[in-house]
Structure formats: C-alpha cells, structure tokens
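Contents: one structure, followed by commentary.
The values are calculated or read from the model by the stated rules, or taken from the named source; none is laboratory data. Predicted model only: the values in this text are computed from it and were never measured. For neighbour counting, all protein chains shown are included, and Cβ atoms are generated from backbone atoms with ideal geometry for every residue, glycine included.
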Ligand SMILES: Cc1cc2nc3c(=O)[nH]c(=O)nc-3n(C[C@H](O)[C@H](O)[C@H](O)COP(=O)(O)O)c2cc1C
C-alpha cells in the first residue's frame, strides 16, 4: 500500500480479540503483536475476510475521508492485523492456516508464547519477593485428612542401579573442564532419540519404537546437537538422523555465543559440552490427530524425551539440564526452519560434572553399555520388533 495501485489486503487468520479493563485488545498471536483499538476495528477486520482492495470498504463506512480510511488500513497492516497480498507475511499467514488449520485457534498458544528471555537470578529473586508480599506460595502437597488411610510398605531402597540413577538425577548448571566422549554422546542420542525397534499396527503398518512413549507413536521429536566440547567431533551444529544413528553436519564452528542466545541468554550453557535443540515436526501428529488437544501431546512427548535424556546422562555419570526459556525464533532461523511445520520446543544439555558424579557405574556395566549402539548403527534390521498392538 506504499503507492501505485493499492495491494489487496485481508484479515490475518491468527487473530485474537479480548478485553483488558474497558479496552479492546486485538492480537495477532502468530506475530505476537497486540494493540488496543476502537471496537469499530472489528467491523473493518470483519469486512476484510477475503482479499479486497482498501477502497472497497469506503462504501461501508460513513463519515470518514478516504485518506483517513487508507491511513487506518496501513496501520492495521503495520501491526499485522491485516496482511497485504503477495508479501512474505501473507505467505506465512496462509502457511500457518494450511498446516495448523485444524488446531487453531486454541493451539495458537504455541505461537503466542515463543521467545522468552530468562529472568536473571537477581531480578527473579526480586520478583519472587514481590509475589510473596502479595500471597504465600500454594502448598506443594495435597492430602485428604478425613479419608481412610492405607499404609504402604516402604518403597524399595535405591540400591539397584536403576533406582540410584533415578534418585541421582538433578539439574546441573556448572561443569568441569574437559570434553564429552563421542561414545557418551552417541549413547545419549541413541537411548533418548534413537529407534530401538519397529512395531506393526493395523492400517498404518510399521511405526518406530523409542525408549520414550509418544502419543499414537507419531514421534514428532527431532533433535539437533550443538557440539561445544566433544572429543573427536568438530564444534558445530548437527542433526541426529535417528533412523541411521548418524549425525548430519549442518554448520561448522564454535557456537558458544549463539547457544547462550538460543537458551534465552542463560550464560551457564556456554560451559556445557553439548546442547540438544529439540524440535517437533507437527504434521506427523496433525496428519492423524486433527484436534488442538494433540498440541498438548506434542509437549508431553518432549517432556518424556527430556526425562529419558536426563536419566541416560545421569547413568553415564554426566551432568544434564533442561531448559524451557528459549529464543525459539533464533533457533529456528539457525536451523533453517520456518517455525510452522517444525518448531523449537525444548532444550536439553549436558556437561561434565564438577567433582564426583552423582552416580557412578561399575566398570562391568560400562563395558556392556556401548554394544547395542554399534550393532544398531551397522545392522538396524536386527532391531526390528514385530509385535503387534
Ligand atoms: C520444563 C522445564 C523447563 C525448565 N527450564 C529451565 C530453564 O530455562 N533454566 C534453568 O536453569 N532451569 C530450567 N529447568 C530446570 C528446573 O529449574 C529444575 O528442574 C528445578 O529447579 C528442580 O531441580 P532438579 O531438576 O535438580 O530436581 C526447567 C525444568 C523443566 C522441567
């Protein structure tokens, strides 16, 4: 709409209208631009439900000069409530609608909550004190004092390896110098994201099996490794090819500064050995499940993967962490993703522990640990399970 023949415009497909006090807020949850505006804006947006020329609306608005109307439309385009035909914004708008149509508007929450900057420890503490001044924390535990109580036998003591690993898991934010062994990276990847087998289901045939459950076995999760300090692996960005148990090099170079930015400016990650950028390929789930509820399933899947990752890392004597405060858009840009079909979801990472690891394997379990990896890498068909469900 800069001059010449005015381009046609239409209403963005990802709009949310709500009230804050007596103000009407118009938000494009995809672009995360929210503005307060006169309620009459709603009629304008309603009119542009399809591609129309800006002047088409003049007939429907009394008492406004053409220039003032054009100016208003220009401002609506600037705040992304309207999109102009043949622009990148219009393309993204259409693409979100094409891919996400069945899950919108409710799962639009995904776009609305991207790119959070982590609040630093000091500012975080000040905010918490302000919250406490207003109200106490909700209780962490719930009980039914008047219900009949059933005494339980004590839980098994964590003397078995599995229970020791479970109880040793914790979030690490400081690491010792040194490099992660490539074998440990491979073990982490395989037992978290690797394909441990396949199983057959009616209609769809073979579906991959992994160590974590996935709703409908759709496995939307992909993982990209930022190698910072790994023995025998050039620093850089890699995609983990789960089917082949291979790393695919996407970019070489030390990504120390970028990785901090990926993680919402949390400085401790620069000392990690490797950071795992977890994404979801939504169409894998959307194709089968055409309801916004399944957006939740995508997030739940990521949680399973991250816990598996933390446990495998703990078992390896490493120092894992998981991060929810991400600069999703930057991660997606650097991975060459459009953030619509595939988007950043979660980040995990690992370093070498400071001091003794919380869990130490016996040397015999260490020897047997590396065997399945090489077998799977060379003979994936050996791991083909044919159990039907
Ligand atoms: C979904 C999720 C997001 C998290 N995001 C962050 C984060 O951005 N930065 C961080 O330092 N820790 C993050 N954590 C780690 C938690 O702060 C940590 O799990 C919690 O303090 C409990 O400590 P523990 O893991 O040692 O039991 C996250 C954990 C989860 C489960």
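Of all residues in the range 328-347, which are surrounded by fewer than 23 Cβ atoms within 10 Å (Cβ to Cβ) and closer than 17 Å to residue 270 by Cβ?
330, 334 - these are the residues of the range 328-347 that are surrounded by fewer than 23 Cβ atoms within 10 Å (Cβ to Cβ) and closer than 17 Å to residue 270 by Cβ.
From 235, 213, 208, 158, which residue is surrounded by 10 or more Cβ atoms within 10 Å (Cβ to Cβ), in contact with a helix residue (DSSP H, G or I) (Cβ under 8 Å, 6 or more places away or on another chain) and farther than 30 Å from residue 287 by Cα?
Step by step, each of 235, 213, 208, 158 is checked, and only 158 is surrounded by 10 or more Cβ atoms within 10 Å (Cβ to Cβ), in contact with a helix residue (DSSP H, G or I) (Cβ under 8 Å, 6 or more places away or on another chain) and farther than 30 Å from residue 287 by Cα.
Where in the range 84-160 are there helices (runs of 4 or more DSSP H), lying fully within it, with 3 or more residues that are within 16 Å of the ligand (Cβ to nearest atom)?
Answer list for the range 84-160: 121-134.
Determine which member of the set 306, 325, 319 is over 22 Å from residue 98 (Cα atoms), within 13 Å of the ligand (Cβ to nearest atom) and at pLDDT below 95.
On inspection, the qualifying residue turns out to be 325.
Could you grab me the full set of residues in the range 258-287 that are over 20 Å from the mean Cα position of the chain (by Cα) and away from the ligand (no atom under 16 Å from the Cβ)?
Scanning the range 258-287 gives a single hit, 273.
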